[in-house]
Amino acid sequence: MSTKPTPALDDISKRIVELLQEDGRRPYAEIGREVGLSEAAARQRVQRMTEAGVIQIVAVTDPMQLGFHRMSMIGIRVTGDPREIAQELTKVRELAYVVVTLGTFDILVEAVCEDDEHLIDLIATRIRTIPGVAHTESLLYAGLYKDLYNWGTR
């Protein structure tokens, strides 16, 4: 996780973020009209926020339609510094989410796998073999009901 300071966003930049959360392909001319900027100025703001790591513009997929039929949240308990192990887990391509927590588990990860065999292999050969991983607990997803990325700005 980055420790660089997050740039403060003014109201115009926050509105641009909200518009892009609604539709990441929204034309810069339309964004500019909505926030009172020229197309070029809107493009520059988006570019600055992207370069600063404030936003990413990506395609969000439905894993089931792409052949990933097993998703799981995996709680991990570790010995030692969980941040070091979390950093190692970021290298595992099947993990879409890696976070250090301060609760029952030291780390939570979200795995996106093709099937149960893929998940078992991932846990047995790629997660549990990382030095310092002491325990894993899998919470298998039975259905995905809400997965949004438009929580806005504050």
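Values in this text are rule-based calculations from the coordinates and carry no lab data. Keep in mind that this is a model prediction, so the values were computed, not measured. Please note: Cβ atoms are built from the backbone with ideal geometry, for glycine as well, and neighbour counts cover all protein chains shown.
Take the alpha-carbon positions of the chain, form their convex hull, and give its projected area averaged over all directions (one quarter of the hull surface) in nm². Intermediate values should be presented prior to the final figure.
Numbers: hull surface 43.2 nm².
It is 10.8 nm².
Neighbour counts of other Cβ atoms within 10 Å put ILE85, ILE57, ILE16 in the fewest-to-most order ILE57, ILE85, ILE16.
In units of 2.2 N^0.38 Å, what is the alpha-carbon radius of gyration of region 11-51?
Details: Rg = 8.7 Å, N = 41, 2.2 N^0.38 = 9.0 Å.
Expressed relative to 2.2 N^0.38 Å, the Cα Rg reads 0.97.
Exactly which GluC sites (Glu not before Pro) in region 56-154 are in a DSSP loop and have at most 16 other Cβ atoms within 10 Å? Answer by residue number: GLU114. In this label model, VAL54 and ILE12 are separated by 1.1 nm, measuring between points 7 Å along each Cα→Cβ vector. Backbone geometry of region 29-36 corresponds, through the Karplus equation with coefficients 6.51, -1.76 and 1.60 at θ = phi - 60°, to 3J(HN,Hα) couplings of 4, 5, 4, x, 4, 5, 10, x Hz, x marking Gly and Pro.
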